[in-house]
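The values are calculated or read from the model by the stated rules, or taken from the named source; none is laboratory data. This is a predicted model, so every value here is computed, not measured. FYI the Cβ positions are ideal-geometry reconstructions off the backbone, even for glycines, and counts take in every protein chain you see.
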């Protein structure tokens, strides 16, 4: 699936569309397709690391580069949400 998505994005780059909003939208759609087609037992973060570790093209086009940016973002940890207090934080305990 990954190679098919990259090939499609490379075709957009070759056609000169990769640097446009259409190329960015295709990169986002390609990333979502890649994530949602991963096997259920594969963690997206580890799959993204594996993809980046095996990537060999040093000069991808704009659409492929945007896709790889989404892949790289998937390797980062998302901070856990923290409560900001709400009504309970504003109450004064006597």
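Observations
- Residue 84 exposed (fewer than 10 other Cβ atoms within 10 Å of the Cβ) and either modelled with pLDDT under 90 or assigned to a helix (DSSP H, G or I) (or both): yes
- For the stretch 1-58, filtered to residues that are part of a loop (DSSP other than H, G, I, E, B), touching a helix residue (DSSP H, G or I) at 6+ places or on another chain (Cβ under 8 Å) and in contact (Cβ under 8 Å) with a residue 24 or more places away in the chain, the residue that is surrounded by the most Cβ atoms within 10 Å (Cβ to Cβ) is 18.
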